[in-house]
Amino acid sequence: MDLKLQSYGERAILIQNLDITLQSSLVSLLQVSPPVGFVEFVLGYDNLMIVLNSAADLGAFRTWLTDLLEVGLDPPVEPRLIEVPTRYDGEDLDWVAKQSHLSVDEVIAIHSGAEYRVRMMGFAPGFPYLDGLDPCLYLDRRASPRNHIEPGSVAIGGSHAGIYSVASPGGWHLLGRTELPMFRPDLARMNEPDPTKIFTLRIGDRVKFMNLG
Amino acid sequence: MPELIEIVSTGVGVSIQDSGRVGWRRFGVPLGGAMDRHSMAVANRLLGNKEEAPVLEIMHSGVTLRVLADTWLALAGADLGSSLQPWRAERVARGTLLSFTGPRAGLFAYLAVPGGVDSERWFGSASADARNGLGHVLQKASCVRSMAALPQFFAHRVAARVAIAEDRRDFSAAVELRVLRGPQFEFFSEASQQALVNATWKVSVRSDRSGFRLEGPQIQVPASIVSEPVLPGSFQIPGNGQPIVTMVDGPTVGGYAKLAVLAEAELDRLAQCAPGTNISFKWLD
């Protein structure tokens with residue numbers, strides 16, 4: 001396994017060049033039996049950051065990881081399929097159709113016909129970066145981002161599909177909207193917040209957009 | 001506990017902050033919390049609170065508070081021109097108006113109340129993150145409660161009411177901050193690697209709790225990278241070649257190459273550099 005380990009700041013490590021299988025296996029393991037000094041992990045696209053308690057834990061972590069890769073990791077758990085009911089009435093449908101040399105109906109059929117995987121979350125709490133967008137819908141982000149995008153906006157940007165999770169500025173192209181909330185901050189207001197209730201999606205989930213017409 | 005402080009004017013910004021949210025970054029929830037954790041901890045210690053107890057973070061100018069009961073308050077961090085001296089705990093009478101008129105030195109002041117500010121917690125933290133709907137947003141006429149009526153020290157012990165010299169910081173002094181190489185350090189030309197430490201940088205007015213923008217020489221812009229986790233203190237170089245240093249409310253992932261990252265303890269010091277402040281950097285490694 002040719003993984004590149006990079007130190008980042010004083011007490012974090014970036015593991016680069018991960019495929020989705022190894023990424024998912026590592027993430028499952030970190031949640032079940034984390035190594036000594038582990039604080040938290042953050043997923044990037046093909047990488048993973050591990051934050052540790054202190055610089056003194058870095059050496060032991062490298063050993064833990066090397067040993068682990070020698071022994072081999074369990075395969076990741078079978079992903080769930082989540083359906084996202086979507087009304088395709090986004091502001092950018094016409095523009096996206098024109099740029100991709102397709103009709104609006106074709107754009108909708110292509111976007112709702114594909115199956116996606118949640119590759120990472122970020123930008124905002126619960127915002128999923130979805131792999132699986134048809135390359136004919138790859139478009140550069142807007143030159144000037146919008147100041148306000150409503151949560152629930154179903155959008156595409158670059159090679160990804162996504163769903164805005166909070167009201168925010170943003171540069172992705174809006175295809176439609178869903179009532180399925182990606183993030184429920186009110187449920188975070190308890191002693192032991194339950195991520196499965198607060199966030200609708202999790203890393204690795206399969207996602208399909210259901211056209212509500 | 002009864003209400004202790006009323007927000008008369010929110011000015012540039014006043015919010016409840018503590019040590020933030022650990023363990024939720026993988027869902028895209030920023031760390032958040034006090035911009036200058038050192039000053040927050042000192043303000044709390046002055047009243048015998050836990051270091052990470054929720055405090056009021058007061059930004060720059062225009063904030064006015066009314067004290068609703070006889071109490072003790074402690075202030076640390078920036079000197080924003082109020083009648084309370086920073087780095088001290090003082091007895092304050094009911095009815096007192098505290099006006100933070102503008103920075104003499106620093107940017108964020110921390111006001112601790114006995115026991116800490118009483119607040120619900122989101123992901124275990126009282127810190128306000130308005131963009132993400134986390135924490136109580138303070139508005140004009142909002143009232144803040146404290147967790148105790150009196151501080152955790154005995155009236156005959158006065159030593160704890162002034163912060164020791166080692167804990168006090170002078171934010172009017174020249175600022176040189178230590179930086180480590182960022183994950184994409186090698187992507188930058190030697191000239192750009194040198195420019196970061198050779199030039200003097202100015203904090204832009206377009207800075208906030210998510211990121212501090214720096215103005216200075218043009219840094220060469222490498223190709224953008226696949227999205228990668230971002231730690232607070234990272235120097236991201238966007239298309240205009242002017243660094244953005246990610247702060248505690250900043251996004252958890254990003255696609256700009258990162259030239260450098262601040263040594264962890266320096267984040268508190270950068271946070272106190274008001275727009276217009278000149279700063280320089282030096283490589284630690």
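The values are calculated or read from the model by the stated rules, or taken from the named source; none is laboratory data. The structure displayed is predicted, hence computed values, not measured ones. For neighbour counting, all protein chains shown are included, and Cβ atoms are generated from backbone atoms with ideal geometry for every residue, glycine included. The area values use the complete protein model at the heavy-atom level, side chains included, leaving out ligands, DNA and RNA. Shrake-Rupley method; radii C 1.70, N 1.55, O 1.52, S 1.80 Å.
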Using amide H atoms built 1.01 Å from N in the peptide plane, name the residues 5+ places from B:S61, or on other chains, whose amide H lies under 5 Å from its own. B:V12, B:G13
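List the equivalent ellipsoid semi-axes of the protein assembly as shown in whole Å, largest first, each obtained as the square root of 5λ for an eigenvalue λ of the Cα gyration tensor. Display every interim value, and only then the final one.
Working: eigenvalues 324, 138, 109 Å².
Working through the eigenvalues yields semi-axes of 40, 26, 23 Å.
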Rounded tilt (10° steps) of B:37-46 against the dominant C-alpha axis of chain B: 20 degrees
Roughly how crowded by other chains is peptide B:173-183, in terms of the mean Cβ count from those chains within 10 Å of each of its Cβ atoms? 2
Considering only DSSP states other than H, G, I, E and B, which trypsin sites (Lys or Arg not before Pro) in the stretch B:206-279 qualify as loop sites with at most 12 other Cβ atoms within 10 Å? B:R206
So how far, in whole Å, is the C-alpha centre of the stretch A:79-155 from the one of the stretch B:85-154? 42 Å
Amide H contacts of B:A78 (H built 1.01 Å from N, under 5 Å, at least 5 apart or other chain): B:L107, B:F108, B:A109, B:Y110
Roughly how big is the A-B contact, given as buried accessible area in Å² (both sides, 1.4 Å probe, nearest 100)? 3200 Å²
How large is ³J(HN,Hα), in whole Hz, for each residue of the stretch B:87-99 in order, when computed from phi with the Karplus curve 6.51 cos²θ - 1.76 cosθ + 1.60 and θ = phi - 60°, using x for Gly and Pro? 6, 9, 9, 9, 7, 10, 8, 3, x, 4, 9, 10, 10
Can you compute log10 of I(q)/I(0) for the stretch A:81-211 with the Debye formula, treating each Cα as one identical point scatterer, at q = 0.14, 0.18 Å⁻¹? -0.57, -0.93
For the stretch A:94-200, listing GluC sites (Glu not before Pro) in a DSSP loop whose Cβ sees at most 13 other Cβ atoms within 10 Å gives A:E115, A:E179
Starting at the first residue of the stretch B:176-185, write each ³J(HN,Hα) from the Karplus equation 6.51 cos²θ - 1.76 cosθ + 1.60 with θ = phi - 60°, in whole Hz, x for Gly and Pro. 10, 10, 8, 10, 9, 5, x, x, 10, 3
What are the residues whose amide H is under 5 Å from the amide H of A:A161, where those residues sit 5 or more places off or on another chain and H is modelled from the backbone? A:L130, A:L133
With the Cα gyration tensor of chain B giving a ≥ b ≥ c as the square roots of its eigenvalues, does the rule (a/c under 1.5 for rounded; else a/b larger than b/c for prolate; else oblate) give rounded, prolate or oblate? prolate
In the protein assembly as shown, what percent of the accessible surface is made up of carbon and sulfur (1.4 Å probe, ligands and nucleic acids excluded)? 50 percent
